[in-house]
Structures are given as C-alpha cells and as structure tokens.
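See below for the structure under consideration.
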Amino acid sequence: QVQLVESGGGLVQAGGSLRLSCVASGRGFSINRMDWYREAPGKQRELVASITSGGSTNYADSVKGRFTISRENAKNTVYLQMDSLKPEDTAVYYCNTRRWYGDFWGQGTQVTVSS
C-alpha cells in the first residue's frame, strides 16, 4: 500500500506563491511517476503536473511557466511550487501515484487565491 499526505495549501492573494508538498509512504517512490491534480468546485479533476522517476516533467497549459514540480527521493517527497497564482487556480490539490496493484490519492489540500 501507498499513503500520500499533502500539505502547504492556504489562502493567498493573486500574484502570490505557495509550495505544496506530498510525502509518500510505502515502497517504490523513487521509481514511479508522481502527479499533482486539482479539482475546482463544479469542475472535473484535472492533471496539473507530472514528474517521472528520471525527473522529466509535464504541465497543463494553464500552469506552464508558473508552476514547477520537483521531487526529493531521499525524503519520498514531491513538491509543487506555484508562483503568479491566479483566482482560477483555486481548487483542492491532490497528489497521485499508481502501482500495478492500485491507484493512490492523498486527502487533498485546499488552495484559495483571492483577487
């Protein structure tokens, strides 16, 4: 089993920054891709950013140039640095990873950006 625990959300003004963290327990962190998703009220959950075991990254068009995903394998942690935040970034942010035996999610952390 894998457990994921997110932290770092909060209330920030537009143009501000937040850094989210996701700590994973269980085996295999370093060899698996890690994803950040978000879900805004009334909208479907969407993929925001991904990072492979080798460090390759991918971003949704809406966050390119503003968000940065990174990982620290020694700490079983993945980060999402969010800069130049906009009100439309308001959502619950979730950490996700997959194994052959399951799809694992954290409990989510709320990010609210005020205008």
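The values are calculated or read from the model by the stated rules, or taken from the named source; none is laboratory data. Worth saying up front: this structure is predicted, and the values here are computed from it rather than measured. We place every Cβ from the backbone using ideal geometry, glycine too, and count neighbours over all the protein chains shown. With ligands, DNA and RNA removed, areas are computed over all heavy atoms of the protein, side chains included. Shrake-Rupley method; radii C 1.70, N 1.55, O 1.52, S 1.80 Å.
Go over the candidates TRP36, TRP105 one by one and state the one that is open to solvent by 70 Å² or more (accessible area, probe 1.4 Å) and under 11 Å from the mean Cα position of the chain (by Cα). Step through it out loud before you land on a result.
On the way: TRP36 fails: open to solvent by 70 Å² or more (accessible area, probe 1.4 Å).
Answer to the selection: TRP105.
Taking the condition farther than 15 Å from SER30 by Cα, at pLDDT 95 or above and open to solvent by 20 Å² or more (accessible area, probe 1.4 Å), does THR57 pass?
Answer is no for this residue.
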For region 18-33 the number of residues that are outside any loop (DSSP other than H, G, I, E, B), over 12 Å from GLN81 (Cβ atoms) and open to solvent by 40 Å² or more (accessible area, probe 1.4 Å) is 4
Cβ pairs under 8 Å, 6+ apart or interchain, first in region 69-90 and over 14 Å from ASN32 (Cα atoms), second part of a helix (DSSP H, G or I), ordered by first then second residue, are MET82/ASP89
* To do: Go through the residues of region 46-54 one by one and say whether even a single one is open to solvent by less than 40 Å² (accessible area, probe 1.4 Å) and either among the hydroxyl-bearing types (Ser, Thr, Tyr) or more than 17 Å from SER84 (Cα to Cα) (or both).
  => yes
*In this structure, is LEU11 in a strand (DSSP E or B) and exposed (fewer than 15 other Cβ atoms within 10 Å of the Cβ)?*
yes
